[in-house]
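K.L.:
Below are the structure tokens for one structure; questions will follow.
A short reminder: the numbers here are calculations on the coordinates, not readings from a lab. What you see is a predicted model; the values in this text were computed from it and never measured. No Cβ is skipped: glycine too gets one built from the backbone with ideal geometry, and neighbour counts run over all protein chains shown.
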Amino acid sequence: LWDRQTNQEIAKVLTGGLLPPPLWFANSHAFVVTAFPEQNSKREWFMVNIDGEIRQLTHFADTFPKFKIGFYTSISPDGRYLAFGMSSENDPRLFVPMDLTILDLMTLDVFNTCISFDNSAPIWSPDSQYLVIQHPDPQPSPHSIVVLNVDAGWAVSVLSNEYRYPVGWLDSGE
């Protein structure tokens, strides 16, 4: 984190690259990023605020030593949830379907939805109540679009057998 006015470093984490890129909260007071807690460790999620305070949010390596955090991530508009993919590091494919995982940024509880997604970031509804993903279906159907209600704990396929990627929500103002 760099202060452009004073031309000084405010905070630094070891990212080893920016995939996934840092995700800023809507209020612009902090961002989340994957980084290495120590040299030669696995990536974990961190939060960095504009004052330079760094907080490690996850400790996956303690429980799941063979994990990999995916490239496609998103933060809910209200800043409560972080949606991202996780998979086994043993899978040699670079872009592999991953389990949609939700991190509650208030409680730091982690939920594996057991729903796979690939090739696009999870998209949050403007009210942060719903999440839409592209789900790779088994053969013969190529893909589905799945909508999840994180708080209520349900998911439904709304479009199947299509190669389409969700890109956003229409906000009717209601």
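K.L.:
What is the distance, in nm, between label points placed 7 Å from the Cα along the Cα-to-Cβ direction at Asp99 and at Phe111?
P.N.:
So the two model labels end up 1.5 nm from each other.
K.L.:
Sticking with this one: Work out the FRET efficiency for Ile10 and Ser157 from their Cβ-Cβ distance, taking R0 = 35 Å, and round it to the nearest 0.05.
P.N.:
E(calc), rounded to 0.05, equals 0.20.
K.L.:
Once you put a point 7 Å from the Cα of Leu170 and another 7 Å from the Cα of Thr63, both along the Cβ direction, what distance in nm separates them?
P.N.:
Label at Leu170, label at Thr63, 4.0 nm between them.
K.L.:
What is the Cα convex hull volume of the range 24-72 when expressed per residue in Å³?
P.N.:
Taking only Cα atoms, the range 24-72 has a hull volume of 83 Å³ per residue.
K.L.:
Here is a follow-up. Pick from Gln56, Gln129, Gln39 the residue whose mean-square fluctuation is largest in a GNM of the chain, springs joining Cα atoms under 10 Å.
P.N.:
It is Gln39.
K.L.:
How high is the relative contact order of the chain, given as a whole-number percent (alpha carbon pairs under 8 Å, six or more residues apart)?
P.N.:
Across the chain, relative contact order equals 12 percent.
K.L.:
Exposed loop sites here are trypsin sites (Lys or Arg not before Pro) in DSSP loop states with at most 14 other C-beta atoms within 10 Å. What is the longest stretch of the chain lacking them?
P.N.:
The longest such stretch corresponds to 94-163.
K.L.:
Let me ask another. How large is ³J(HN,Hα), in whole Hz, for each residue of the range 72-81 in order, when computed from phi with the Karplus curve 6.51 cos²θ - 1.76 cosθ + 1.60 and θ = phi - 60°, using x for Gly and Pro?
P.N.:
8, 9, 7, 10, 5, x, 7, x, 8, 10
K.L.:
Restricting to DSSP H runs of at least four residues, report the calculated mean residue ellipticity at 222 nm for the chain, -39500 (n - 2.57) per run over all residues, nearest 500 deg cm²/dmol.
P.N.:
Calculated mean residue ellipticity at 222 nm is -500 deg cm²/dmol.
K.L.:
Between Gln56 and Asn149, take the C-beta separation as r, use R0 = 25 Å, and let me know the FRET efficiency to the nearest 0.05.
P.N.:
0.30
K.L.:
Same structure again: If the cut-off is 24 Å between C-alpha atoms, which lysines fall inside it for Lys12, apart from same-chain ones fewer than 8 positions away?
P.N.:
Lys42, Lys68
K.L.:
Would you kindly state how much longer the chain becomes between Trp24 and Asn90 on full extension, computed as 0.36 nm times their sequence separation minus their alpha carbon distance, in nm to one decimal?
P.N.:
Extra length from Trp24 to Asn90 when fully extended: 20.7 nm.
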